[in-house]
Amino acid sequence: MKSGNLFSTQAPSLLPHPYSNQAVRLGLTPFVIGLALIISISLGSGCRKSTSGVRAVTINQSIEAAKTKSDHLRDALRYLNQLNPSNRRQASKEVLVQLNTWIQTVPQDQFQYTIPKLYQVLPGELAQRTDVNNPAQLVFDTWDVEYAYETRLMKQLSDWIVAAPVRDELWLPSLDRSKNQLSPTAANQLQEAFKLFDWTVRNIILEGVANEVESLQLDPRALSSNRTLGCAYLPWETVLFSRGDFVERGRVFTALARQRGIDSVWLSLNGTATSPGYLWAVGVPIDDQLYLFEPKLGLPIVDPDTLAFATLQDVRTNDRILRRLDLPGQFDYAVNPGDVKSLAFMIDAVPAAMSARFKVLEKSLLGSERMQLFVDTDAIQAKLATISPDGATALWQVPMLARDMADNVRERLDNPSEFAAQYISTYGVWLFDTPAANGRFKHLRGTFESTLDEQGALRIYMDSRLDNESINRLTFDPDVQKQLGMQRGLNEEMQQFNLRLAQAQLFYRQAKVDASFLLAQLHFDRGNYEATLDWLEKRLFPDPQARQWYASGRYLQGRALEQLGQKDKVEAAYTYQPSAQEAGNRLRLRYLRQDKQG
């Protein structure tokens with residue numbers, strides 16, 4: 001029987017929801033000042049021996065002041081690295097205190113900053129509702145900490161994705177040809193963008209129905225329900241939950257790309273800077289072209305004859321590119337050649353990302369702590385004006401709406417309700433301090449294998465797959481409870497204890513199913529395609545409790561078969577129903593047959 005401490009024994013009557021106050025035991029020690037800083041200060045004093053006691057005191061004071069400033073920033077980063085959903089509220093306070101203490105020591109004239117043009121035209125009501133601060137003000141707020149947390153996670157994730165080889169033989173020839181057509185820098189950006197998009201498609205299950213590719217959805221400008229397009233999850237939640245609609249899936253791609261210094265925009269058909277259009281694809285500006293990635297289909301948009309990656313200019317001059325996205329008798333793709341003549345570019349960035357405080361913070365980070373926090377929307381706007389002078393550029397409202405929705409959800413979770421119970425039942429296994437959640441975060445941060453110092457995702461996923469007998473006995477067997485760290489607290493009422501056991505039992509059952517799918521994903525990320533198929537075909541597909549993973553599992557099965565050179569076996573995987581990505585999977589099957597014939 002595998003063991004793991006799922007919850008502490010001192011539990012309240014109900015499990016605390018993932019955004020409630022919890023104690024944080026970080027035990028951090030301050031960073032000492034860097035050797036380079038000491039050397040630079042020493043050199044500034046000259047080589048002569050000081051004969052002035054006052055001068056010696058001044059030097060010491062400068063060193064101490066610089067050390068204090070450095071310590072506040074380093075402590076903020078250490079707390080940020082320890083932050084997770086279960087300690088989010090309390091740990092965020094610690095990060096916030098350290099960041100605001102640090103930034104007050106930064107000279108006001110050290111960094112140049114001009115309020116971006118797009119910031120100046122933010123919708124007033126939405127900006128007020130989401131507490132958008134003066135961008136020039138050097139004060140961080142709670143949501144800034146969450147943005148920094150998300151950015152840190154996306155940086156760690158993107159780093160190991162691009163370090164791995166291209167795991168898609170279908171598009172590798174097209175990427176290789178681009179090296180002869182683009183500059184080395186541009187070809188590298190296109191390859192990195194593809195790797196990040198491909199990982200997103202494989203790992204973020206598309207929610208919705210297959211025939212959504214036959215219609216276009218308006219860019220939301222207000223919250224209308226619990227499932228407003230693109231607003232149910234923040235990007236880090238989409239990654240953690242492994243699911244989202246096509247907008248939430250696309251936002252993960254844009255967040256990952258930003259950490260590699262790759263700009264991106266959403267294309268809104270027939271939209272303007274002030275009126276909503278219809279959301280279509282994500283565009284990546286490289287050199288003087290805009291390459292297109294379609295999150296509904298889970299494919300880059302390509303020339304149907306050569307399978308070369310298509311640009312906006314290609315789509316506008318070659319009608320076959322969009323017409324060949326139809327699947328006669330099955331799906332009629334919603335975008336027609338005439339639709340792309342009028343469009344707007346929407347920049348996916350929260351207002352805080354355009355602020356002076358995050359520009360200062362980004363410039364102050366060194367080494368492994370570096371991450372892309374500041375979004376230069378003026379530069380992106382200028383680049384897009386060169387690529388498509390007739391296209392308006394605007395700051396997208398969806399990031400602000402998603403934050404507003406998250407605020408609403410967290411407020412509702414503060415009170416017991418049917419909504420809160422359903423939310424915890426669905427997402428609790430990933431938001432509490434569970435072995436499955438710990439494994440998922442290790443996976444996202446690229447810690448696959450165990451070392452002498454820590455366990456890796458592979459081991460933790462395996463340990464979270466508790467055997468059925470132990471799960472069944474958890475509610476009444478003291479030995480099982482002890483091995484899983486689930487003993488009754490000294491002052492805990494029996495009713496509270498029984499409820500905690502029942503909830504833990506539910507989470508262990510869910511974690512066992514989910515871990516099978518995530519282990520298959522992990523093995524694909526490691527390039528072990530035989531193990532991917534083994535987990536899918538022997539554990540996931542035979543399990544009737546794993547239906548939520550079937551569609552994505554079949555797609556992953558097809559991808560693993562491709563990588564093993566067994567393209568003749570992929571048809572069943574890519575024609576599986578129901579799947580929200582069915583149209584894209586069938587298109588992929590067409591491209592595979594075309595590639596084989598070629």
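The values are calculated or read from the model by the stated rules, or taken from the named source; none is laboratory data. None of these values were measured; they are calculated from a predicted model. As a convention, Cβ positions derive from the backbone with ideal geometry for all residues, glycine included, and neighbour counts pool all protein chains shown. Calculation scope for accessible area: heavy atoms of the full protein, side chains included, ligands and nucleic acids excluded. Shrake-Rupley method; radii C 1.70, N 1.55, O 1.52, S 1.80 Å.
Could you state the number of Å between the C-alpha centres of the range 391-460 and the range 314-340?
Here the answer is 36 Å between Cα centres.
Once you list every other residue whose beta carbon is under 10 Å from the beta carbon of TRP266, what net charge do they have if Lys and Arg are +1 and Asp and Glu are -1?
In short, -1.
Expressed as cubic angstrom per residue, what is the convex hull volume of the alpha carbon set of the range 101-221?
Roughly 227 Å³ of hull volume per residue.
Work out the P(r) tail for the range 161-286: percent of alpha carbon pairs separated by more than 17 Å, whole number.
Across the range 161-286, Cα pairs with separations above 17 Å total 63 percent.
What FRET efficiency do you get for GLN112 and ASP407 if R0 is 35 Å and r is their Cβ-Cβ distance, rounded to the nearest 0.05?
With R0 = 35 Å, the Cβ-Cβ based efficiency is 0.60.
If a/c stays under 1.5 just call it rounded; otherwise compare a/b with b/c (prolate if a/b is bigger, oblate if not). Do that for the range 229-278, with a ≥ b ≥ c from the square roots of the Cα gyration tensor eigenvalues.
Judged from the Cα gyration tensor, the range 229-278 comes out oblate (a/c at least 1.5, b/c at or above a/b).
Estimate the FRET efficiency between GLU214 and ARG320 by the formula 1/(1 + (r/R0)^6), using the beta-carbon distance for r and 22 Å for R0, to the nearest 0.05.
E(calc), rounded to 0.05, equals 0.70.
Taking a 27 Å limit on the Cα-Cα distance, which of the listed pairs LYS117/LYS359; LYS341/LYS383; LYS296/LYS567; LYS341/LYS567 fall beyond it?
Among LYS117/LYS359; LYS341/LYS383; LYS296/LYS567; LYS341/LYS567, the Cα-Cα distance tops 27 Å for LYS341/LYS567.
Students sometimes get this wrong: rank HIS72, HIS443 by accessible area, probe 1.4 Å, all chains present, largest first.
Descending accessible area places them as HIS72, HIS443.
If you average over every viewing direction, what projected area does the convex hull of the Cα atoms of the chain give, in nm²?
About 31.4 nm², averaged over all directions.
For the range 239-364, what is the relative contact order in percent, using Cα pairs closer than 8 Å and at least 6 residues apart in sequence?
Once normalised by length, the contact order is 23 percent.
In the chain, which whole DSSP H runs stretch at least 30 Å along their own axis (Cα) and average -0.5 or higher on the Kyte-Doolittle scale?
142-163, 494-525
Just to verify a number: what accessible area does PHE140 come out at with the full protein assembly present, 1.4 Å probe, Å² rounded to tens?
Its heavy atoms expose roughly 10 Å² to the probe.
How many Å² of accessible area per residue for the range 559-598, probe 1.4 Å?
I get 46 Å² per residue for the range 559-598.
For MET462, MET486, give me the order by solvent-accessible area with a 1.4 Å probe, most accessible first, ignoring ligands, DNA and RNA.
If we order MET462, MET486 from most to least accessible, we get MET462, MET486.
Given a 1.4 angstrom probe, I'd like the percentage of the accessible area of the chain that is carbon and sulfur, rounded to a whole number.
About 49 percent, which is the carbon plus sulfur part of the accessible surface.
How much accessible area per residue does the range 230-272 have, counting only protein heavy atoms and a probe of 1.4 Å, in square angstrom?
14 Å²
Between ARG370 and LYS93, what FRET efficiency follows from the Cβ-Cβ distance if R0 is 35 Å, with the result rounded to 0.05?
0.90
Pull out a ≥ b ≥ c, the square roots of the eigenvalues of the alpha-carbon gyration tensor of the range 409-568, then state rounded if a/c is under 1.5, prolate if not and a/b is larger than b/c, and oblate in the remaining case.
prolate
From the residues GLN455, GLN181, PRO285, which one has its Cα farthest along the dipole of the chain in the positive direction, the dipole being from +1 and -1 charges on Cβ of Lys/Arg and Asp/Glu about the Cα centre?
Going by the charge dipole, the pick is GLN455.
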